[in-house]
């Protein structure tokens, strides 16, 4: 068989078809496949993150429910504005029951504290130290929410006996009527 220009041209065309197919078809197709694989990997990462977030949502819902229950428990311990007088009487009874003198009470202006109100009461009483200690322990065990921001006591001698004069501010937290 004889190789002339025509045969060489035909042979080069036949050899050029796979080379052209490689550059025109396979290279772009491989680039598209690589880009699709990167996108799939990225979406899988996002999916894993979303699954982790979804798993935490159940925990957050449970935690929110627990917080809601605790808030309800605390609010149940808050009296209404009408019940503050009963708590003042209860505190007075605690002081007398602990051996202290009936306290002199001066009511302050209610202070708004977040969603609740705080009623400061300036109290003055006297008695022996053991009675004061018993009074503070009983006050601490009250089911209502109270705090003592200011507390001052002095040891004095009255009628040849050692007693303590106590001045403190008792704050009672309550729900405003209609709240």
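The values are calculated or read from the model by the stated rules, or taken from the named source; none is laboratory data. These numbers come from a predicted model, not from an experiment. Cβ sites come from the backbone with ideal geometry, for glycine too, and all protein chains shown count toward neighbours.
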Residue in the range 170-178 that is in contact (Cβ under 8 Å) with a residue 60 or more places away in the chain, out of contact with any strand residue (DSSP E or B) (no Cβ under 9 Å at 6 or more places or on another chain) and under 27 Å from residue 73 (Cβ atoms) present: no
Condition met for residue 99 (at positive phi, at pLDDT 80 or above and not in a helix (DSSP H, G or I)): yes
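Per-residue answers, yes or no, for (1) in the same structural domain as residue 132 (by TED's automatic domain parsing); (2) under 30 Å from the mean Cα position of the chain (by Cα):
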{"residue": "2", "(1), (2)": "no, no"}
{"residue": "29", "(1), (2)": "no, no"}
{"residue": "44", "(1), (2)": "no, no"}
{"residue": "48", "(1), (2)": "no, yes"}
{"residue": "58", "(1), (2)": "no, yes"}
{"residue": "72", "(1), (2)": "no, yes"}
{"residue": "94", "(1), (2)": "yes, no"}
{"residue": "97", "(1), (2)": "yes, no"}
{"residue": "101", "(1), (2)": "yes, no"}
Residues of the range 113-141 that turn out to be in contact with a helix residue (DSSP H, G or I) (Cβ under 7 Å, 6 or more places away or on another chain) and either exposed (fewer than 12 other Cβ atoms within 10 Å of the Cβ) or outside any strand (DSSP E or B) (or both), as a count: 3
Qualifying position, being surrounded by 11 or more Cβ atoms within 10 Å (Cβ to Cβ), at pLDDT 85 or above and under 30 Å from residue 176 (Cα atoms), among 91, 156, 163: 91
Lone unmet requirement of (1) closer than 30 Å to residue 164 by Cβ; (2) out of contact with any strand residue (DSSP E or B) (no Cβ under 7 Å at 6 or more places or on another chain); (3) in contact (Cβ under 8 Å) with a residue 60 or more places away in the chain for residue 86: (3)
Matching entry among 63, 34, 58, 52 (being out of contact with any strand residue (DSSP E or B) (no Cβ under 9 Å at 6 or more places or on another chain), part of a helix (DSSP H, G or I) and surrounded by 11 or more Cβ atoms within 10 Å (Cβ to Cβ)): 63
Output for the range 46-80, where each listed residue is under 30 Å from residue 119 (Cβ atoms) and free of Cβ contacts under 8 Å to residues at least 60 places away in the same chain: 66, 67, 68, 69, 70, 71, 72, 73, 76
